[in-house]
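In what follows, a structure is listed as structure tokens, so that the remarks can point back to it.
The values are calculated or read from the model by the stated rules, or taken from the named source; none is laboratory data. Note that the structure is predicted; figures quoted are calculated from it, not measured. Neighbour counts are summed over all protein chains in view; Cβ atoms, including those assigned to glycine, are modelled from backbone coordinates with ideal geometry. We work out accessible area using only protein heavy atoms, side chains counted, and drop any ligands, DNA or RNA first. Shrake-Rupley method; radii C 1.70, N 1.55, O 1.52, S 1.80 Å.
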Amino acid sequence: MPSAGDFGYNTSAMQSYPSVDEPTFREAMRRLATGVAVVTTRLEGKLYGITVNAFCSVSLDPPLVLVCIDQLSRARSLIAESHVFAISILSWQQQFVADRFAARAPLVDTAFTGVPYRIAITGAPVLARSLAWADCQLSQTVPAGDHAIFVGAVVAVGVEADDEPLLFYNARFERLRPRS
């Protein structure tokens with residue numbers, strides 16, 4: 001198993017604290033409810049995508065977003081090579097799409113067969129019927145432990161639907177509950 005130092009993470013500047021038990025850390029992080037998105041890119045005429053829940057806006061001026069991708073994921077190397085990516089923020093009705101791009105359902109091929117999409121300005125695909133999307137040019141890559149943080153300069157953005165968001169909480173999809 002690779003260590004944090006294998007990915008350029010500066011562990012020498014860190015103070016020495018007791019080590020954090022990975023299963024407990026994972027369990028604690030499962031308690032944070034997040035949105036669900038699919039990050040897509042295009043390279044040499046082929047389309048690629050991966051489901052993520054570590055995505056957020058960084059800045060309004062200039063418009064920047066970030067997404068975290070596992071260092072060992074094929075998506076990481078593809079985004080690094082293509083220098084473009086799009087984020088499609090999923091609705092509750094798109095659970096199956098999320099599962100497909102997370103490799104928990106029939107896999108999506110490099111033509112995105114059966115997945116409605118359109119090509120954005122950068123050439124990255126944007127998934128149809130998403131709540132919103134952002135088309136990005138890669139601005140910065142930051143190694144962070146076993147993940148890479150991609151910062152994207154947003155070159156186009158849109159709102160597609162006013163629907164219920166797909167949430168991820170405690171290792172499963174959830175939905176917003178109406179307040180009593």
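A few comments on the model shown:
- Label-point gap, in nm, between A54 and A171 - each point 7 angstrom along Cα→Cβ: 1.8 nm
- Label selected from [x] 49, 48, 37; [y] 69, 29, 27; [z] 64, 39, 36, the criterion being Cα extents along the principal axes in Å as computed here: [x]
- Neighbour net charge for I119 - beta-carbon separation under 14 angstrom, K R +1, D E -1: +2
- Computing FRET efficiency as 1/(1 + (r/R0)^6) for Q15 and A102, where r is the C-beta to C-beta distance and R0 is 35 Å, gives about 0.45.
- For region 77-93, backbone phi angles converted through the Karplus equation (6.51, -1.76, 1.60; θ = phi - 60°) give residue-by-residue couplings of 5, 5, 5, 4, 7, 7, 6, 9, 7, 10, 10, 10, 7, 8, 9, 3, 6 Hz, Gly and Pro being listed as x.
- Rounded to whole numbers, the Karplus 3J(HN,Hα) couplings from phi for region 60-75 are 8, 9, x, x, 9, 10, 9, 9, 9, 10, 4, 4, 8, 6, 4, 4 Hz, using 6.51 cos²θ - 1.76 cosθ + 1.60 with θ = phi - 60°, and x at Gly and Pro.
- Using Cβ point charges alone (K and R +1, D and E -1), the dipole size of the chain about the Cα centre works out to roughly 380 debye.
- Tensor-based shape of region 98-180 (alpha-carbon gyration tensor, a/c under 1.5 rounded, otherwise prolate or oblate): rounded
- ³J(HN,Hα) computed for each position of region 112-118 - Karplus, 6.51 cos²θ - 1.76 cosθ + 1.60, integer Hz, glycine/proline x: 6, 4, x, 10, x, 7, 9
- Among Y17, Y48, Y169, the sequence by solvent-accessible area, most first, with a 1.4 Å probe is Y17, Y169, Y48.
- Cβ-Cβ distance of V151 and L32, R₀ of 30 Å, FRET efficiency by 1/(1 + (r/R0)^6): the value works out to about 0.90.
- Close amide H pairs (under 5 Å, H built 1.01 Å from N) link S91 with L131, L166, residues at least 5 positions away or on another chain.
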